[in-house]
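The values are calculated or read from the model by the stated rules, or taken from the named source; none is laboratory data. Bear in mind the structure is a predicted one, so any value in this text is a computation, not a measurement. Neighbour counts are summed over all protein chains in view; Cβ atoms, including those assigned to glycine, are modelled from backbone coordinates with ideal geometry.
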Ligand SMILES: Nc1ncnc2c1ncn2[C@@H]1O[C@H](COP(=O)(O)OP(=O)(O)OP(=O)(O)O)[C@@H](O)[C@H]1O
Ligand SMILES: [Mg+2]
């Protein structure tokens, strides 16, 4: 068990690509931290630097009390689960799990005991004599997990471990990984570009963009108060609607609209509204009213998505609502928004403007 | 099951298109093979005036002939030596080149060039390098206290032909090994590194086992090469000598047939060679292709 301390970490690939541009992050002992961000933002690079698979261009990396910048991957006491599982195809599942222990000079009895314990925990005992190619994707995933945990490392590193699984299995494995981590209390750093996976797994979420940290916080903090336009649109599905403040000033209806909009902090010129915060019925609190034309209605079982065009503009906007409201495409709809639901941003800086909400 | 099919008018076109390949095969492979098979059953007298049918006598005499049996073991040593040397050198080069990032293509191109050199020319090259009076290698060995002379020492001669034959094949093996290495996912190596295996251990426990299909394939190809495709190398360097020390089967076919003019025996030897090729091909397709997958 150990914490991971990342200080000013940078990575410049040979050829001059700067993939990681100065990251500071502390992962506490036993914490589950998820790195999330769009493709190419440097998530894998950061994780691989922690693992020791990429050299560190600048900055310091501590695992536990040790500075590990120059240590080989094997000496860092970490285990990694790869996206393609990276199981040794010519070895049985047993040997796959035992390989790391053998290399570290464990006794045969101890190896057997540990491999069997891990196999039981992951329910893969039946597959121990098989080769990886005789397993399904989900089973391989479990073996990869098993290989990581038999060694009882100080930290687990995951690089998109679920992205090769189908949707259903992905949810199932996600839950299992979370349970397993809760039980073992091993410090974990997990990379994904799937924001749902990120939200559900993380104790703490790190949103990366273009080699830098955009925001760090618990998933709910980040969801409730995205620190930038980038985070606002990246976290949450469907994405947050961004509406120019000017539009609301001219077109926002309702008795309290003016007061409500003036309450927004100085410098706000763009307002973010989550698709769930546009209500079809007027709430009792002070609110804003927007008119729109329904362009597309999408029923998704328990919820529906309404793709509308705000009146007097070509601003596309999404609304998420429970159940299936009786609406028809082409119909004019009114939506009500309360002050709490308005996220103030500045277009120039791309940042959230400090507010009390 | 319906596949899209191109149709041509007339029945002669397919035959005409196939004809060149069929004719070449018939004239250069099938016909000589049949002739050899036929001749192996005949015996000509010393002046080529009289030919008689002798059945399997040529074969019987071959297996009673100590020279022939020696040649068999010489061939075995030569084939195994050449295969081992060319494959291990190629594997070493391929693993080294595989680590490079930028200069990889340049090295690959350079390393492939020897393959384009005719065996006879390669042989002459080695003849010069190893020439006991003017060659560079004997000169260096002399300084190290070894007196090299492949004209008198059978061991030296064998070493020379093995090196000369292996050298050319390295390029071919190298390409296959490099392709094999590149098809091993990098993440496997990384996983092994995290699992605490150093570079040498990674090579022997992960990389080498994963190369088995390539290794087996190349083994057969190299044995076939060493046994049948090295006439030029032998001819340009040792000509089977000294004292038959490098007289491998293919060379003996030539020496007995064209120099010794014992056509019946020579034909019988080529029939045996053909049988060996067939056997190796069967091994290749039947055994290896199926057995070596993990
Ligand atoms: N070996 C390399 N050499 C040069 N540039 C690289 C190398 N590996 C990655 N990069 C670059 O570094 C940047 C970050 O790559 P990285 O693999 O960390 O992205 P990622 O966030 O993991 O993306 P994804 O979600 O697609 O896996 C990208 O612009 C990529 O092109
Ligand atoms: Mg990645």
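If I ask for residues that are in contact with a strand residue (DSSP E or B) (Cβ under 6 Å, 6 or more places away or on another chain) and either within 14 Å of another protein chain (Cβ to nearest Cβ) or away from ligand 2 (no atom under 16 Å from the Cβ) (or both), which ones from the range A:39-48 would you list?
Matches in the range A:39-48: A:44, A:45, A:47.
Elements of the type helices (runs of 4 or more DSSP H) sitting completely within the range B:177-294 and holding at least 2 residues that are within 14 Å of chain A (Cβ to nearest Cβ): these cover B:186-194, B:199-202, B:212-228. The set of residues in the range A:54-67 being surrounded by fewer than 21 Cβ atoms within 10 Å (Cβ to Cβ) and farther than 10 Å from residue A:9 by Cβ consists of A:54, A:55, A:62, A:64, A:65, A:66, A:67. In summary, residue A:47 fulfils each of the numbered conditions (1) more than 7 Å from ligand 1 (Cβ to nearest atom); (2) surrounded by fewer than 18 Cβ atoms within 10 Å (Cβ to Cβ); (3) under 21 Å from the mean Cα position of the chain (by Cα) with the single exception of condition (2).
Here's the yes/no breakdown for (1) away from chain B (no Cβ under 14 Å); (2) within 16 Å of ligand 2 (Cβ to nearest atom); (3) over 20 Å from the mean Cα position of the chain (by Cα):
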position: A:37; (1), (2), (3): yes, yes, no
position: A:55; (1), (2), (3): no, no, yes
position: A:68; (1), (2), (3): no, no, yes
position: A:75; (1), (2), (3): no, no, yes
position: A:87; (1), (2), (3): no, no, yes
position: A:92; (1), (2), (3): no, no, yes
position: A:105; (1), (2), (3): no, no, yes
position: A:108; (1), (2), (3): yes, no, yes
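Taking first residues from the range B:96-119 that are within 14 Å of chain A (Cβ to nearest Cβ) and partners that are modelled with pLDDT of 80 or more, the Cβ contacts under 8 Å between residues at least 6 apart in sequence or on separate chains come to B:100/B:107; B:101/A:14; B:104/B:97; B:104/B:98. Taken across the range A:24-37, residues that are touching a residue at least 24 places away in the same chain (Cβ under 8 Å), surrounded by fewer than 22 Cβ atoms within 10 Å (Cβ to Cβ), within 16 Å of ligand 1 (Cβ to nearest atom) and more than 11 Å from residue A:155 (Cβ to Cβ) do occur, with at least one present. In the set A:259, A:282, A:299, only one residue is without any contact (Cβ under 8 Å) to a residue 60 or more places away in the chain and part of a helix (DSSP H, G or I); that residue is A:259.
Is there a residue in the range A:229-236 that is buried (at least 19 other Cβ atoms within 10 Å of the Cβ), within 16 Å of ligand 1 (Cβ to nearest atom) and within 14 Å of another protein chain (Cβ to nearest Cβ)? Taking every residue of the range A:229-236 in turn, none turns out to be buried (at least 19 other Cβ atoms within 10 Å of the Cβ), within 16 Å of ligand 1 (Cβ to nearest atom) and within 14 Å of another protein chain (Cβ to nearest Cβ).
Within the range A:145-188, the set of residues being within 16 Å of ligand 2 (Cβ to nearest atom) and within 14 Å of another protein chain (Cβ to nearest Cβ) comprises A:157, A:158, A:159, A:160, A:161, A:163, A:164.
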